[in-house]
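First up is the structure itself, then whatever we jot down about it.
Every read-out reported here was derived from the displayed coordinates using simple, explicitly stated rules and does not represent laboratory data. On a predicted model such as this, the values are computed, not experimentally measured, just so you know. Every residue, glycine among them, receives a Cβ derived from its backbone with ideal geometry; neighbour counts consider all protein chains shown.
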Amino acid sequence: MLKKISFTVNGKEVSLEVNPGETLLEVLRKRLGYTGVKKGCAVGECGACTVLIDGTPTDSCIYLAVWADGKEIITIEGIAEDGKLSKVQEAFVEEGAVQCGFCTPGLVLTTTAMVQSGKKYTREEIKRELSGHFCRCTGYQNIIKAVEKSLED
């Protein structure tokens, strides 16, 4: 039995019918074409599928699409500002925190939420915030430097 839902993705209102067991990841990638949302582990452990739901980093692979009804969702495609990289994206490039790019969208979105919180983070707190993200290419030092740079005033 299909269920009609409506939500906002990157500022655009979307209405569609979904299967109650369909994940938000499946809807975003396959039905709406937001391929920046990556399918990694499919069990909420790697962070590749992270999106912001009402400003909170969320693993879309374990978040049912029906739960998104009435929510505001931001994917990596919605982070650029006026066609230019966001401050967070620029920091990731400048600090060499991007290699293959598979984990990068989730890391950028989590960092964006951290920046938007206005909170000051210690290095240990940054590590804790990023603990749900796996990167197999860069090593984490450059990623942490990029987050720190993003959090600078």
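For residue 39, the aspartates and glutamates whose Cα comes closer than 12 Å to its Cα, not counting residues fewer than 8 places off in the same chain, are 26, 59. Note on residue 85 and residue 125: with the Förster distance fixed at 25 Å, the Cβ-Cβ geometry gives a FRET efficiency of about 0.50. With contacts taken as Cα pairs under 8 Å and at least 6 residues apart, region 1-129 reaches a relative contact order of 26 percent. Sorted on the mean count of surrounding Cβ atoms within 10 Å across their residues, most packed first, peptides 128-135, 2-9 read 128-135, 2-9. Please list, or write none, the aspartates and glutamates whose alpha carbon is within less than 13 Å of the alpha carbon of residue 3, excluding same-chain residues fewer than 8 places away. Counting by Cα, and skipping residues close in sequence, residue 3 has these aspartates and glutamates nearby: 17, 22, 69.
Start at zero, step by 5 Å, and the Cα-Cα distances of region 45-103 spread as 4, 16, 23, 23, 18, 11, 5, 1 percent across the bins.
Which value in Å is the Kirkwood Rh of region 3-77 over different Cα pairs? Result for region 3-77, one decimal place: 11.9 Å.
Taking only Cα atoms and a 10 Å spring cutoff, compute GNM fluctuations for the chain and point out the largest among 38, 71, 84. Highest fluctuation of the listed residues: 84. Overall dimensions of region 87-151, expressed as equivalent-ellipsoid semi-axes from the Cα gyration tensor (√(5λ), whole Å, largest first), are 17, 12, 10. Computed over the chain, the P(r) curve from all C-alpha pair distances, binned at 5 Å from the origin, holds 2, 10, 20, 23, 19, 13, 8, 4, 1, 0 percent per bin. Across region 139-147, rounded Karplus estimates of 3J(HN,Hα) from the backbone phi angles (6.51 cos²θ - 1.76 cosθ + 1.60, θ = phi - 60°) give x, 8, 4, 5, 5, 4, 4, 5, 5 Hz, Gly and Pro being marked x.
Summing -39500 (n - 2.57) over the DSSP H runs of n ≥ 4 in the chain and dividing by its residue number, what mean residue ellipticity at 222 nm do you reach, to the nearest 500 deg cm²/dmol? Working shown, then result.
Working: 4 runs with 41 residues, N = 153.
The helix-only estimate for the chain comes to -8000 deg cm²/dmol at 222 nm.
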